[in-house]
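Working notes, structure below.
The values are calculated or read from the model by the stated rules, or taken from the named source; none is laboratory data. Every value quoted in this text rests on a predicted model; they were computed, and no experiment measured them. Glycine gets a Cβ as well: all are built from the backbone with ideal geometry, and neighbour counts include every protein chain shown. Surface accessibility is based on the protein's heavy atoms, side chains included, excluding ligands, DNA and RNA. Shrake-Rupley method; radii C 1.70, N 1.55, O 1.52, S 1.80 Å.
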Amino acid sequence: MPPLTKAERKQAQAAEDAFHRTYALQYGEERWKETLYPSLAAPTRYAVLVNRYAIPSIAEVFNEGEVEKLQPVPLPRRPLSAELQSDELPSYQWNTTEDEVPFPPPQANPTTGLMTHWNLDAASLLAVTILGPQPGDKILDLCAAPGGKSIAISQLLRPKDFNGASPSLAGGCLHSNEPNAARHKRLASNLRSYLPEPLFKSGELKVLKLDGTEANAIPSLPLGPGGYDKVLLDAPCSSERHVIHAHAKARQGGRAADEMASWRSGHSKKMAKTQAALLMAALRAVRVGGSVLYATCSLSSEENDGVIEKGFELVQKERRKLGGRWDVAVRSGALTGLGLDRWAEPTKHGWIVLPDHPGGGNWGPLFFSLLEKVAA
């Protein structure tokens with residue numbers, strides 16, 4: 001690409017300066033400069049999620065010497081009441097972040113034909129753990145692409161002695177949704193690469209293509225409004241860490257990343273409108289007494305706690321206008337005793353995992369808030 005003109009360099013620098021001012025104001029200038037921004041600029045740390053449908057253990061992915069250097073990801077364990085319970089997520093991290101080597105890429109198991117594992121930020125596994133899938137649950141993953149969280153959910157929807165080739169006797173299901181055509185295609189391909197075909201044929205697993213911001217989306221769901229026990233909404237967001245990484249890579253070539261050059265402080269406000277609409281869709285999809293986990297990988301409080309507050313306003317507006325019989329309550333505070341302080345810091349309505357957290361996990365960013373749909 002040709003070098004930037006003087007005017008383009010000036011515009012890009014102004015956008016970068018505004019980016020830093022915005023997040024230094026939110027997190028404090030000292031923290032932003034000294035720990036948070038450097039940790040966000042560092043390479044993303046990954047964990048490995050083993051696919052129980054493809055292989056029985058981590059030993060199928062690594063050799064014996066490597067297995068000794070791994071340890072389970074220390075995910076909290078939510079208390080579950082159902083008689084049928086699945087194992088904890090089969091996920092692993094290196095014992096130390098020093099001199100970590102990349103996890104091997106997923107490969108097809110020659111016996112099952114399914115992919116062996118998925119590499120991802122462990123904060124995504126934390127979100128799934130907090131949602132608390134268990135056998136028998138009817139779950140909607142509203143914005144599911146590329147599929148990592150759906151694959152993690154699927155690992156918990158079967159009891160410990162599951163038969164991967166048979167539909168679930170517990171009656172649960174997972175419906176994974178993505179409206180964008182290209183991302184939907186990728187989601188469908190990934191899920192079929194990881195999960196047994198009989199589960200799709202039985203209807204236990206479905207891949208949907210609905211736009212949650214449209215009025216007809218929730219009535220078009222296979223289980224309709226109020227048909228799901230739990231909904232995961234990993235909402236599209238500003239993804240500031242991606243912006244930071246793209247910009248760092250572009251600067252090595254003497255350029256400015258488009259992601260940074262086009263960044264504006266008002267973008268989060270626009271994004272939050274879409275996120276709030278999706279949150280309302282999630283709340284309409286879940287049953288009274290069911291849970292919605294709202295999550296983003298954004299740093300912006302406007303896209304995080306701000307969306308939860310906007311959701312409260314929209315619920316009350318709908319109740320006044322249509323006489324709705326349900327309300328929403330935040331249940332994030334109930335998670336305090338689960339060891340989340342090793343991962344995250346509390347916010348007004350939820351928790352946020354940031355890679356400079358003193359726990360040393362180097363995970364995130366990931367904001368999440370656990371909501372319950374309650375009777376009005």
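Here are some notes:
- Exactly one residue among TYR92, TYR37, TYR53, TYR27 is over 20 Å from ILE153 (Cβ atoms) and in contact with a Leu (Cβ under 6 Å, 6 or more places away or on another chain), and that residue is TYR27.
- Filter pass, ARG287 being within 23 Å of LEU210 (Cβ to Cβ) and either open to solvent by 50 Å² or more (accessible area, probe 1.4 Å) or under 21 Å from the mean Cα position of the chain (by Cα) (or both): yes
- From the options THR213, THR296, residue that is within 27 Å of VAL353 (Cβ to Cβ) and open to solvent by 10 Å² or more (accessible area, probe 1.4 Å): THR213
Per-residue answers, yes or no, for (1) in contact with a Pro (Cβ under 9 Å, 6 or more places away or on another chain); (2) under 30 Å from LEU140 (Cα atoms); (3) not in a loop (DSSP other than H, G, I, E, B):
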| position | (1), (2), (3) |
| --- | --- |
| ARG241 | yes, yes, yes |
| HIS245 | yes, no, yes |
| MET260 | no, no, yes |
| MET271 | yes, yes, yes |
| THR274 | yes, yes, yes |
| MET280 | no, yes, yes |
| GLY290 | no, yes, yes |
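To keep it simple, each residue is scored yes or no on (1) of a type in the set (Lys, Arg); (2) in contact (Cβ under 8 Å) with a residue 12 or more places away in the chain; (3) out of contact with any Lys or Arg (no Cβ under 6 Å at 6 or more places or on another chain).
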{"residue": "TYR27", "(1), (2), (3)": "no, yes, yes"}
{"residue": "THR44", "(1), (2), (3)": "no, yes, yes"}
{"residue": "ARG77", "(1), (2), (3)": "yes, yes, yes"}
{"residue": "GLU98", "(1), (2), (3)": "no, no, yes"}
{"residue": "PRO105", "(1), (2), (3)": "no, yes, yes"}
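- Taken as a whole, the structure leaves SER193 outside the set of residues that are modelled with pLDDT of 95 or more, hydroxyl-bearing (Ser, Thr, Tyr) and open to solvent by less than 20 Å² (accessible area, probe 1.4 Å).
- Under the condition of being among the polar types (S, T, N, Q), under 20 Å from the mean Cα position of the chain (by Cα) and part of a helix (DSSP H, G or I), the residues counted in segment 22-73 number 1.
Residue-wise test of (1) assigned to a loop (DSSP other than H, G, I, E, B); (2) among the polar types (S, T, N, Q); (3) at pLDDT below 90.
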residue: LEU75; (1), (2), (3): yes, no, no
residue: LEU84; (1), (2), (3): yes, no, yes
residue: ASP87; (1), (2), (3): yes, no, yes
residue: PRO105; (1), (2), (3): yes, no, no
residue: ALA123; (1), (2), (3): no, no, no
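- Exactly one residue out of GLY224, GLY203 is part of a loop (DSSP other than H, G, I, E, B), on the phi > 0 side of the Ramachandran plot and either of a type in the set (Ser, Thr, Tyr) or free of Cβ contacts under 8 Å to residues at least 24 places away in the same chain (or both): that is GLY224.
- Scope segment 236-260; condition over 19 Å from SER39 (Cβ atoms) and either under 18 Å from the mean Cα position of the chain (by Cα) or of a type in the set (Ser, Thr, Tyr) (or both); matching residues: PRO236
- The condition (being at pLDDT below 95 and within 29 Å of LEU354 (Cβ to Cβ)) is satisfied by just one residue among PRO110, PRO79: PRO79.
- Residue check, SER168 buried (at least 20 other Cβ atoms within 10 Å of the Cβ), modelled with pLDDT under 95 and among the hydroxyl-bearing types (Ser, Thr, Tyr): yes
- Every residue from segment 269-284 that is more than 17 Å from the chain's Cα centre (by Cα) and either modelled with pLDDT under 95 or open to solvent by 40 Å² or more (accessible area, probe 1.4 Å) (or both): LYS269, LYS270, LYS273, ARG284
- Top-ranked residue of segment 305-338 - restricted to ones that are out of contact with any Lys or Arg (no Cβ under 9 Å at 6 or more places or on another chain) and in a loop (DSSP other than H, G, I, E, B), ranked as surrounded by the most Cβ atoms within 10 Å (Cβ to Cβ): ARG331
- Residues in segment 196-210 that are among the aliphatic types (A, V, I, L, M) and open to solvent by less than 30 Å² (accessible area, probe 1.4 Å): LEU199, LEU205, LEU208.
- Flag for ALA182 being in a helix (DSSP H, G or I), open to solvent by 40 Å² or more (accessible area, probe 1.4 Å) and modelled with pLDDT of 95 or more: yes
- Selection status of SER176, among the hydroxyl-bearing types (Ser, Thr, Tyr), modelled with pLDDT under 95 and outside any helix (DSSP H, G or I): no
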